[in-house]
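The values are calculated or read from the model by the stated rules, or taken from the named source; none is laboratory data. Computed from a predicted structure; not experimentally measured. Heads up, the Cβs are rebuilt from the backbone with ideal geometry, glycines too, and the neighbour counts pull from every protein chain shown.
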Amino acid sequence: MLKIVRHDATEPKRNGNGNGLGGNGNMAEHEIRGYQVLEKVGTGARSVIYKVREKKTGHLLAIKRVRRSSTYGDKFLRHVKSEFASGQVLQDPRGTEAFHPNIVMMHRLRANRRWLKVDSYDLIMDYIEGKNLDEQNHYTPPEFVRIFLQVSKALRYIHARNMVHADIKPNNIIVSSNGKATLIDFGFSCRAGTRLSSIKGTRDYIAPEQVDGGIVDERTDIYNLGAAMYKLLAGRPLPALIPEVNGDAHFIAAQKVAAVPLHKLRPDIPRSFADLIMKCCEKDPAKRPQSILEVISVLEAVQVSFEQAKQAAAS
């Protein structure tokens, strides 16, 4: 059941630059009921993410505030409600434990009303210290394998609950200073076996079935993960299935899109690792690994090979 708490919306105090934050552009001068806003840490479509401190407990948390759109109406409000609902499906039955050590925990969804109508929602979740893989991606191949293994094990947990994330990408993977990876943003998450009625996904990582109204399942996550791994290791994305031309999105049939094999771009990484990534990026779901367990198995073997090579070099 959704835990939605309604209260009156609060507005930020405006400063000289009009962004509602402190004079340095980061520190906020306003509060969200029950929380001290410390910093704006991100923005998205009709959303702002704040780092906050809960007044009652002193805990550091994050709040994603999503507002109604004058252009799209309730679209983004429905989006965040769906995100929270997905988080509740993954929640520990007792509601007290984190879903998984590599998945962000969502605590509450609060509805803010203006003139008796919901104007925005606040999604309250754990604050994850670190940088996403778009911000910081200068890792060695062994470090990338450790990161991808953590994400794959988070997906194993998600898939075991008959869910798919459906938006795996570097921006949704936060890595802390100690190397822990955390998967965030469940806005596109849905039940495995869902047939999409519209395009859902991110341009450089979207699977063919997310473009052409197909059925999404764990193989969709495997494609998204493969596309993210390809981008991070190749330094360029797969050819986009929905490239932008003059600002407009134009669909290209998946069979006409080809990528340079990763082993040709990165001959320094194990061939089994490069081949896994290319297999994950197969356009036909039947040709991809059929389970995230297959991905984990290969990544673990690659990790062992890296460790053995390191030990051999040290001896």
The condition from (1) at pLDDT below 95; (2) outside any helix (DSSP H, G or I); (3) of a type outside the set (A, V, I, L, M, F, W, C); (4) surrounded by 20 or more Cβ atoms within 10 Å (Cβ to Cβ) that residue 209 misses is numbered (2)
Of the listed residues (153, 200), the one being within 22 Å of residue 230 (Cβ to Cβ), part of a loop (DSSP other than H, G, I, E, B) and of a type in the set (D, E, K, R) is 200
Scanning the range 98-145 for residues that are aromatic (Phe, Trp, Tyr) and farther than 30 Å from residue 266 by Cα, the one surrounded by the most Cβ atoms within 10 Å (Cβ to Cβ) turns out to be 121
Screening 45, 62, 9 for residues that are modelled with pLDDT under 50, on the phi < 0 side of the Ramachandran plot and of a type outside the set (S, T, N, Q) leaves only 9
Across the range 106-150, the tally of residues that are assigned to a strand (DSSP E or B) and more than 30 Å from residue 290 (Cα to Cα) stands at 19
Residue count, the range 176-186, condition farther than 24 Å from residue 122 by Cα and not small (Gly, Ala, Ser), comes to 2
Among the residues of the range 148-174, the number that are surrounded by 24 or more Cβ atoms within 10 Å (Cβ to Cβ) and hydrophobic (A, V, I, L, M, F, W, C) is 9
